[in-house]
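J.: This structure is in structure tokens; I'll ask about it shortly.
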Amino acid sequence: MEENKNKKCNFYSKIAIIFLLLISVLSYFLLPSVKTILDNIFNMFKSGDFTVVGEFVKSYGTYAVAVSFMLMILQSIAAPLPAFLITFANANLFGWWQGAILSWSSAMAGAAVCFFIARVLGRDVAIKLTSRKGLQQIDKFFSKYGKQSILIARLLPFMSFDIVSYAAGLTGMSFWAFFVATGIGQLPATIVYSYVGGMLTGGAKLLVSGLLILFALTILIFLMKQIYSEKQRKKEE
């Protein structure tokens, strides 16, 4: 009885997600205004300039927070668009801690959407939204680090946040385990990026790059030390 109920729920979830994706695709090709907005958004991300993203969000006035929130979810689905551009823009527009809250909560929403898309629609759809090679790399990472995979992946800035979310949805892990690990692991990076982003101007790209590399190396060294300590402990046992 319970199994039939779960199958029925999964079926309706699949229909709902397919319907929403279909509406989105048709809107892009059939509605010129939607196509123009989305093309502008993708070009904005390609520019690599967070001030361009900030101007776009700011142009919506009182709806700026909602637009930023939806942009983060969009970039999550259309992996791997650079989320840090939105994080920097949020910090510049709303202040570093308000921007951090907005960036963190919207990234969490995006992660949840990616997780459920993969869980309900399966690997083929996840591959089309990301890449086969990217998912395979994350699969190997999950196999290597087991239960701690999500937390470790979220602490590594050079790992695709969105592909990890899709890959997690293809595993047997529970949503809440994924969600909690994502929330904890994503928080340090969001705070750092938001604090830095709140002080940046358009000409500070070299500073940004240097700080991101430094942050990534710090986290990597810490994780390597943890892994080494764990291996030594197992040898002693």
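J.: Of these, M199, M159, which one is aliphatic (A, V, I, L, M), closer than 17 Å to L85 by Cβ, at pLDDT 65 or above and not in a helix (DSSP H, G or I)?
T.: Answer to the check: M199.
J.: Right, here's the next one. From A118, A107, A78, A66, grab the single residue that is out of contact with any His (no Cβ under 6 Å at 6 or more places or on another chain), among the aliphatic types (A, V, I, L, M) and closer than 21 Å to L187 by Cβ. First the steps, then the outcome.
T.: On the way: A118 fails: closer than 21 Å to L187 by Cβ; A78 fails: closer than 21 Å to L187 by Cβ; A66 fails: closer than 21 Å to L187 by Cβ.
From the options A118, A107, A78, A66, the qualifying one is A107.
J.: Is one or more of the residues making up region 170-180 at pLDDT below 90, more than 18 Å from Q75 (Cβ to Cβ) and assigned to a helix (DSSP H, G or I)?
T.: Taking every residue of region 170-180 in turn, none turns out to be at pLDDT below 90, more than 18 Å from Q75 (Cβ to Cβ) and assigned to a helix (DSSP H, G or I).
J.: I'm trying to understand the selection: among the residues of region 142-166, which are in contact with a Cys (Cβ under 7 Å, 6 or more places away or on another chain) and not charged (D, E, K, R)?
T.: Passing the criteria: S165, Y166.
Yes or no, residue by residue, for (1) free of Cβ contacts under 8 Å to residues at least 12 places away in the same chain; (2) buried (at least 18 other Cβ atoms within 10 Å of the Cβ); (3) out of contact with any strand residue (DSSP E or B) (no Cβ under 7 Å at 6 or more places or on another chain):
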site	(1), (2), (3)
W97	no, no, yes
I101	yes, no, yes
G110	no, yes, yes
F116	no, no, yes
R119	no, yes, yes
D124	yes, no, yes
G134	no, yes, yes
K140	yes, no, yes
S143	yes, no, yes
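J.: Based on what the data block shows, is L71 without any contact (Cβ under 8 Å) to a residue 40 or more places away in the chain and assigned to a helix (DSSP H, G or I)?
T.: yes
J.: Can I ask one more? Among the residues of region 85-95, write down those that are free of Cβ contacts under 8 Å to residues at least 60 places away in the same chain and under 20 Å from F158 (Cα atoms).
T.: L85, I86
J.: Further, regarding this structure: What single numbered condition from (1) touching a residue at least 60 places away in the same chain (Cβ under 8 Å); (2) outside any helix (DSSP H, G or I) fails to hold for P82?
T.: (1)
The values are calculated or read from the model by the stated rules, or taken from the named source; none is laboratory data. Please read all numbers here as calculations on a predicted model, not as lab measurements. Here Cβ is always computed from backbone atoms with ideal geometry, including for glycine, and neighbour counts include all displayed protein chains.
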